[in-house]
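Colleague: For reference, the structure I am asking about is given below.
The values are calculated or read from the model by the stated rules, or taken from the named source; none is laboratory data. Everything numeric in this text was worked out from a predicted model, so none of it was measured. Here Cβ is always computed from backbone atoms with ideal geometry, including for glycine, and neighbour counts include all displayed protein chains. Heavy atoms of the whole protein, side chains included, go into the accessibility calculation; ligands, DNA and RNA do not. Shrake-Rupley method; radii C 1.70, N 1.55, O 1.52, S 1.80 Å.
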Amino acid sequence: AALGLARTRQVQEITVEQIAEAAGVSRRTFFNHFPTKNDAFIPDLDEVPPRALADFASRRTPGLLDAVEELMVARMEVLEQTVDDDGTGMEVVHGNPELHPLLMATVHDFETAVREAAAQRLGVPGTSPDAVATACLVTSVERTVLGTWHAGPRRTPLSELVPPAVDGLRNALAG
């Protein structure tokens with residue numbers, strides 16, 4: 001409902017009451033789901049399928065890039081249910097700097113979960129350079145996928161953009 005309103009108005013002009021009315025809920029129900037008005041405009045990007053994260057951590061798939069690809073395909077399949085087809089959500093966030101910290105917090109939560117899984121996979125502490133670099137590698141694949149999708153016609157499912165992104169990374173590391 002919030003993004004629908006943001007298609008025609010600036011975020012700062014939209015009230016909680018307007019969002020709640022558009023969603024067909026009370027103000028109280030709105031605050032049961034969102035701590036602040038601005039949170040209603042942030043796509044849910046911190047979702048990681050628990051099974052995919054556990055598989056990544058367990059070394060079920062031996063090669064790191066193959067495991068990254070499996071993890072990111074699973075994540076993108078979840079995000080496909082969250083991200084709007086026309087990209088309005090990301091455009092609203094990018095066009096409203098006050099939303100940037102909230103978006104970065106969701107990205108940070110995802111990166112933290114991946115860093116912890118990477119530490120388990122590698123048998124190192126979560127603060128080790130290996131775990132941190134692995135988490136950054138995963139988030140770089142995510143940024144590549146989302147950037148490619150956002151720049152393109154947005155008809156390709158996000159999960160189908162993961163293999164070319166990982167292949168690009170393989171090629172870069174090989175050369």
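Colleague: Provide a single number: the residues in region 118-134 that are in a helix (DSSP H, G or I) and either more than 24 Å from residue 172 (Cα to Cα) or in contact with a Ser or Thr (Cβ under 8 Å, 6 or more places away or on another chain) (or both). Step through it out loud before you land on a result.
Modeller: First, the residues of region 118-134 that are in a helix (DSSP H, G or I): 118-122, 129-134.
Going one step further and asking which of them are either more than 24 Å from residue 172 (Cα to Cα) or in contact with a Ser or Thr (Cβ under 8 Å, 6 or more places away or on another chain) (or both), we end up with 118-122.
Selection size over region 118-134: 5.
Colleague: If you don't mind, there's one more thing I want to ask. May I ask you to say which residue of 144, 106, 148 is assigned to a helix (DSSP H, G or I), farther than 24 Å from residue 173 by Cα and either among the polar types (S, T, N, Q) or free of Cβ contacts under 8 Å to residues at least 12 places away in the same chain (or both)? Even if it seems obvious, please write down each step before you answer.
Modeller: Details: 144 fails: farther than 24 Å from residue 173 by Cα; 148 fails: farther than 24 Å from residue 173 by Cα.
Going through 144, 106, 148 in turn, just one is assigned to a helix (DSSP H, G or I), farther than 24 Å from residue 173 by Cα and either among the polar types (S, T, N, Q) or free of Cβ contacts under 8 Å to residues at least 12 places away in the same chain (or both): 106.
Colleague: Filter region 1-25 for residues that are part of a loop (DSSP other than H, G, I, E, B) and without any contact (Cβ under 8 Å) to a residue 60 or more places away in the chain; which is most open to solvent (accessible area, probe 1.4 Å)?
Modeller: Of region 1-25, the ones part of a loop (DSSP other than H, G, I, E, B) are 1, 7-10, 14-15, 24-25.
Restricting the remaining residues to those that are without any contact (Cβ under 8 Å) to a residue 60 or more places away in the chain gives 1, 8-9, 14-15, 24-25.
On the way: 1: 65, 8: 112, 9: 80, 14: 3, 15: 54, 24: 67, 25: 59 Å².
It comes out as 8.
Colleague: So, one more: Within region 41-65, take every residue that is small (Gly, Ala, Ser) and open to solvent by less than 40 Å² (accessible area, probe 1.4 Å) and give me the one that is nearest to residue 31 (Cα to Cα).
Modeller: 52
Colleague: Now for a different question. Under the condition of being in contact with a helix residue (DSSP H, G or I) (Cβ under 7 Å, 6 or more places away or on another chain) and of a type in the set (A, V, I, L, M), which residue from region 24-59 is modelled with the lowest pLDDT?
Modeller: 45
Colleague: Only one residue in 101, 129, 153 is within 27 Å of residue 37 (Cβ to Cβ) and without any contact (Cβ under 8 Å) to a residue 40 or more places away in the chain. Which one? Spell out how you get there, then give the answer.
Modeller: On the way: 129 fails: within 27 Å of residue 37 (Cβ to Cβ); 153 fails: within 27 Å of residue 37 (Cβ to Cβ).
Just a single option satisfies the conditions, and that option is 101.
Colleague: Give region 151-171 a look and list any residue that's surrounded by fewer than 17 Cβ atoms within 10 Å (Cβ to Cβ) and assigned to a helix (DSSP H, G or I), or say none. Let's see the steps before the verdict.
Modeller: Keep residues of region 151-171 that are surrounded by fewer than 17 Cβ atoms within 10 Å (Cβ to Cβ), which gives 151-157, 160, 163-164, 167-168, 170-171.
Matches in region 151-171: 151, 160, 163, 164, 167, 168, 170, 171.
Colleague: Since residue 112 meets every condition but one in (1) assigned to a helix (DSSP H, G or I); (2) of a type in the set (S, T, N, Q); (3) open to solvent by 60 Å² or more (accessible area, probe 1.4 Å), which condition does it not meet?
Modeller: (3)
Table: residues versus (1) within 23 Å of residue 162 (Cβ to Cβ); (2) small (Gly, Ala, Ser); (3) open to solvent by 40 Å² or more (accessible area, probe 1.4 Å).
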position	(1), (2), (3)
90	yes, no, no
95	no, yes, yes
100	no, no, yes
103	yes, no, no
123	no, yes, yes
126	no, yes, no
141	yes, no, no
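Colleague: Taking residue 68 as meeting all but one of (1) at negative phi; (2) open to solvent by 50 Å² or more (accessible area, probe 1.4 Å), write down the number of the exception.
Modeller: (2)
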